[in-house]
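The values are calculated or read from the model by the stated rules, or taken from the named source; none is laboratory data. These figures come from a predicted structure and were not determined experimentally. We place every Cβ from the backbone using ideal geometry, glycine too, and count neighbours over all the protein chains shown.
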Amino acid sequence: MGRSEELGTGLRNVYKYSKIYSGSDNIIFLEEDIFQATIPLTVKVTGKGTSKVTIRVTGKVTVKVTENQKKILQLIVRNNIITTLELSEKVGISQRKIKENLRKLKESGQIIRIGNEKSGHWELINR
């Protein structure tokens with residue numbers, strides 16, 4: 001993993017270089033709240049032949065937040081019952097784009113909607 005990190009963190013490089021270094025391309029990636037990569041390795045032990053080892057690497061998945069999403073989050077902090085129309089006017093983008101950004105923020109676990117669209121409110125999820 002160290003070598004593929006040095007050469008680039010893209011998944012393509014992980015697949016490319018783990019095949020070279022581990023002899024296998026049987027890599028398992030799980031991307032949930034925690035990013036997990038399982039890479040099989042064959043290790044030579046001096047004078048004792050070889051043995052197979054599996055290394056599991058985990059880490060928090062970072063979520064990229066756009067400038068518009070930052071503005072939306074700031075506005076929700078100030079007024080958690082703000083409408084998409086108000087967000088659209090204050091952020092300066094269409095209501096369709098506001099809804100798309102809200103969907104992405106919900107999917108990434110940063111906000112949730114409590115109640116319905118008419119009488120509900122937004123809540124930020126602290127991580």
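Inspect all residues belonging to region 13-31 and state whether any of them is surrounded by 11 or more Cβ atoms within 10 Å (Cβ to Cβ), among the hydroxyl-bearing types (Ser, Thr, Tyr), modelled with pLDDT of 90 or more and outside any helix (DSSP H, G or I). No, every residue in region 13-31 fails to be surrounded by 11 or more Cβ atoms within 10 Å (Cβ to Cβ), among the hydroxyl-bearing types (Ser, Thr, Tyr), modelled with pLDDT of 90 or more and outside any helix (DSSP H, G or I). On the stretch given as region 102-127, residues that are surrounded by 14 or more Cβ atoms within 10 Å (Cβ to Cβ) and acidic (Asp, Glu) total 0.
Which residues, taken from region 78-101, are touching a residue at least 24 places away in the same chain (Cβ under 8 Å) and either exposed (fewer than 13 other Cβ atoms within 10 Å of the Cβ) or closer than 15 Å to residue 67 by Cβ (or both)? Across region 78-101, the qualifying residues are 81, 93, 97, 98, 101.
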